[in-house]
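Quick note: the coordinates plus some simple rules give every number you see, no bench work behind them. Bear in mind the structure is a predicted one, so any value in this text is a computation, not a measurement. Note: ideal-geometry Cβ built from the backbone for every residue, glycine included; neighbour counts use all protein chains shown.
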Amino acid sequence: MIIDPWGSQKYEYEKLFENFGIERFEERLWKDLPNPPFFFRRKIVFGHRGFDIIKNAIKKRLPWTILTGLMPSGKMHFGHKIVIDQVIYYQSIGADIHIAVADIEAFATRGYSLKDAKKIAIDEYILNYIALGLKPCRIYFQSKNEDVKDLAYIMAKKSNLSQVFAIYGFKGSTNMAHVFAPFIQAGDILHVQMDKYGGLRPTLVPVGVDQDPHIRFCRDLADAHRLYSIVPQNERIGIFVKGDENVKELLDNAEEIVNKYGELIERKDDYKAIYAKINNLFIIDYELAKIERKFDGFGFLLPSSTYHRFISGLDGNKMSSSRPQYAIFLTDENEEIKRKIWAAKTGGAVSAEEQRKYGGKPEDCIIYEIFTYGIIEDDKELSEIYNDCKSGKLLCGQCKKLAYELISNFVQELKEGREEAKEKIKEYVEY
């Protein structure tokens, strides 16, 4: 099974846990966070890798950062909004925000010029981000950041074509700029741990599940460039020095860290290994990463990630800019919104009489799904709509009328916000 980051496939989310090792985003991870948002409460964010590290940083008020990106290859639709909803929430609880404009990727994989990608990024995405409530942060273009490109090239030393082809399913005809795009993504994700961008700290990448290949690949690259390897072994851990340089000094430093945060069991210099009992693996990993930087290593912490469900298009398939008749764009005019909403797939019965008698199926209704993605924020109101639909009290026409009113008002307010955002954009963007 291959996940294609550039495709439009639909996903059976349950299979992703078994096939790719994604962990379930359980309630324990978000229940005691500040003001848990709708995308947690409604299980729109369904999976993660390493979110426990992020939660620890939030709870202990330690530095942590967000890296996310936007693909400037089409108009911003309602499904894209879920990413920036998450970023805005994380910013409100202390995250340092970095947003990559994937203009190199748009050039390599979608055929857009860098000039066109820049215009789309600003007009369709960044202005909307600001209008939606994003506070000043760092937004940069891949093509303009030499650190990202240099890091991508250096990281590539620890990979090969077999690995890249296995993860992404590339073919012999795939152009090499496309093949290199995942390395640029790794440069995006990891460069925010460089000293000039904030230094060593936990990094969270909130994405749709289609981007998981990039996360897995980046984590592999980060691990490959570490000087230490930490391996849990039943009730103890093994700390191993990977290379043959500075082995004694690296073991000496690791032993000092172990004695500070845990209990040393054994040191075997001939195996380049230390065995210890440690309660807090993250603090050991963090301290060892700091040591690696003293020995000219990168010492990147493996990035964490969360995965959200994609909102459906108005016909029930994936919402996509390439299918404009089934997507609600944030720049749609009222008449266009009304036409699309009235044509949307619902979970209603074949007639109003049957629906009053047997009820509807909100779980199959695109209109109800749109409500869950933040257009209705109050859980009680959403529950009432669900129950009234199931009981037959609420008809599809009434729901569509409400959806049109809410979405058209939202889009109109956003339009006004975009005009104000034009005066603020210099506070965000690195040109």
Item to complete: With a cut-off of at most 11 other beta carbons within 10 Å, and DSSP calling the residue loop, which trypsin sites (Lys or Arg not before Pro) in the stretch 37-101 qualify? Please list them.
Response: K60, R61
Worksheet item: Within the stretch 238-334, which GluC sites (Glu not before Pro) sit in a loop by DSSP and count at most 15 neighbouring Cβ atoms inside 10 Å?
Response: E245, E333
Item to complete: Note down, for the chain, the three equivalent ellipsoid semi-axes (square root of 5 times each alpha carbon gyration tensor eigenvalue), biggest first, whole angstrom.
Response: 42, 25, 20
Worksheet item: Dividing the alpha-carbon Rg of the stretch 228-294 by 2.2 N^0.38 Å yields what?
Response: 0.97
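Calculate the FRET efficiency for N246 and R323 from the Cβ-Cβ distance with a Förster distance of 60 Å, rounded to the nearest 0.05. Could the numbers behind the result be given before it?
Numbers: r = 55 Å, r/R0 = 0.92.
The pair N246/R323 has a calculated efficiency of 0.60.
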Discussion item. Under a crude label model (7 Å from the Cα following the beta-carbon direction), how far is E23 from A166 in nanometres?
Written reply: 2.4 nm
Worksheet, complete the sentence: Of the DSSP H helices in the chain, the ones reaching 24 Å or more along their long axis in Cα terms and averaging at least -1.0 in Kyte-Doolittle hydropathy are 396-421
Practice prompt. Inverting the mean 1/r over all pairs of different Cα atoms, compute the Kirkwood radius of the stretch 60-158 and quote it in Å.
Written response: 14.4 Å
Discussion item. Looking at the chain as a GNM with Cα springs under 10 Å, which of I99, I189, I44 has the largest mean-square fluctuation?
Written reply: I44
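Normalised by the residues of the stretch 324-430, what does the relative contact order come to in percent, with Cα pairs under 8 Å and at least six apart?
On the way: 97 pairs, mean separation 30.6, N = 107.
Result for the stretch 324-430 is 29 percent.
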Discussion item. What do you get for trypsin sites (Lys or Arg not before Pro) in the stretch 360-422 restricted to DSSP loop and a cutoff of at most 15 other Cβ within 10 Å of the site's Cβ?
Written reply: K393, K422
